[in-house]
Amino acid sequence: MARDNIFAGLEIGTTKVCVVVAEARHDNTLKILGVGNAPSRGIRKGEIVDFETAKRCVHDAIVDAEERSDVEISEVYLGISGGHIRSFNNRGVVVLEEGREEIDEQDLEDVRTNAREVSLPMEDCVLHTIIQHYYVDGQDGVLNPLGLFGKKLEADFHIVYGIRTRIQNAIRCVKELELETADVVISSFATAQAVLDKNDKQLGALVIDIGGGTTDFVVYVEGAVKQSGVIAVGGDHITNDLSIGLKIPSARAEKLKIEEGDVTLGNAFPGETIVLRDETGFAGREIERETLNQIVHCRLREILEIVERQVEADQNLNYLGAGVFITGGSSQLRGIEHLASEVFGMPARTTAPLPLAGVTSAFEHPQFSTAIGLARYAHLVHLDRPITRGILSRTMKRLTGIFRT
Ligand SMILES: Nc1ncnc2c1ncn2[C@@H]1O[C@H](COP(=O)(O)OP(=O)(O)O)[C@@H](O)[C@H]1O
Ligand SMILES: [Mg+2]
């Protein structure tokens, strides 16, 4: 992977580890060369809980991606999730000193630093400082203040932070496999790069990624990231509820959820049952379809309502012109669009990654949105768009520095 036009995205999910290898082409489009996968073990609610086991899974996914893409991976863009991740919005201010009137690179750095000067708990570190809007001498709508005349530069940022040691665990996992971490990116932000186009971001959109152990969301308003969050609840909780509620083994509950589960209530005929066949170690039995659907419905409604309350609390619900986009493995539950539209009171649709060159139908699955989004993010950084570069690179140096020696 010596060529600097090849990027790899790595998602260490609760259900699977996924690696996407992509190539930037001359016309500035991105082509997927291959996707590698391995089932996750040693990961709970998006975080590593058994280091050696998790490392083996990451290794397997990397090897799989290398074989499929015919690329030797040397560096990855690493997706980060977990309930410890928090965020807030803050404004930075810089006043140019006497005799200087033109805004330069240093002012842009200074306004960013100023916005980050908020006291965080000792154990936390900043992951992202994402620019929202610039203002020069009170004038808003400034897209790029560099080179403009002005005395006062202000800027709003979305700042994401998390517990340092948990982030370092994921980075160390990569490091011990002899790979570099080019950047750490919150998963929801990466996912948005895969499922939203520029227009959606401009109109306002909420992206919800419902995976196995977490639900990650991000809100775009007027083209900028306005809010993000991680809830430590996902599709595995639905499986768990089914296992307990129906008194069946977890693996059987997972299969039942995927094959028969539907979140729509009142869809089953009265008394309609599903026969679970005998399987090793599990005596077969009949269960009521409506009971199954009720359990799935309740948990999924709860997940969606938690997101809805958080988006409402930040007063962003009225700015989602493009609506709600749901992705991740659990977005495949039947009836989810209808339920989400009801919970949010606006159109909601399920989505897989937007089409990319080289993405055959094999990759057009909502489970791959984050990893494909990481490759897209890497491409954006490569194109040097003024998103979050610089500061992230420095964050990385700080985070990875400990593991250098
Ligand atoms: N067809 C399906 N219908 C409903 N749920 C599904 C389906 N396929 C996968 N899932 C669920 O999706 C979750 C995994 O999603 P994924 O996005 O791969 O998770 P993660 O990124 O957290 O590893 C699991 O809880 C799994 O049960
Ligand atoms: Mg995921």
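In table form, for the structure just shown:
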read-out	value
Out of 216, 236, sole residue that is open to solvent by 30 Å² or more (accessible area, probe 1.4 Å), under 18 Å from residue 81 (Cα atoms) and within 16 Å of ligand 1 (Cβ to nearest atom)	236
Hits in region 1-41 - residues which are open to solvent by 20 Å² or more (accessible area, probe 1.4 Å), free of Cβ contacts under 8 Å to residues at least 60 places away in the same chain and touching a Ser or Thr at 6+ places or on another chain (Cβ under 8 Å)	39, 41
Some residue of region 44-61 being within 24 Å of residue 165 (Cα to Cα), surrounded by fewer than 17 Cβ atoms within 10 Å (Cβ to Cβ) and in contact with a Cys (Cβ under 8 Å, 6 or more places away or on another chain)	yes
Residue check for residue 153: more than 23 Å from residue 50 (Cα to Cα), open to solvent by less than 60 Å² (accessible area, probe 1.4 Å) and not in a strand (DSSP E or B)	no
Some residue of region 33-48 being farther than 13 Å from residue 372 by Cα, away from ligand 2 (no atom under 16 Å from the Cβ) and not small (Gly, Ala, Ser)	no
Of residues in region 173-197 being assigned to a strand (DSSP E or B) and more than 16 Å from ligand 2 (Cβ to nearest atom), the one surrounded by the fewest Cβ atoms within 10 Å (Cβ to Cβ)	180
Qualifying position, being polar (S, T, N, Q) and modelled with pLDDT under 95, among 341, 330, 361, 369	361
Test result for residue 295, open to solvent by less than 60 Å² (accessible area, probe 1.4 Å), out of contact with any strand residue (DSSP E or B) (no Cβ under 6 Å at 6 or more places or on another chain) and not in a helix (DSSP H, G or I)	no
Residues satisfying the stated conditions in region 201-213, i.e. away from ligand 1 (no atom under 16 Å from the Cβ) and open to solvent by less than 20 Å² (accessible area, probe 1.4 Å)	204, 205, 206
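The values are calculated or read from the model by the stated rules, or taken from the named source; none is laboratory data. What you are looking at is a predicted structure, and each value in this text was computed from that prediction instead of being measured. Neighbour counts run over all protein chains shown; Cβ positions are idealised from the backbone, glycine included. SASA here: full protein model, heavy atoms, side chains in, ligands and nucleic acids out. Shrake-Rupley method; radii C 1.70, N 1.55, O 1.52, S 1.80 Å.
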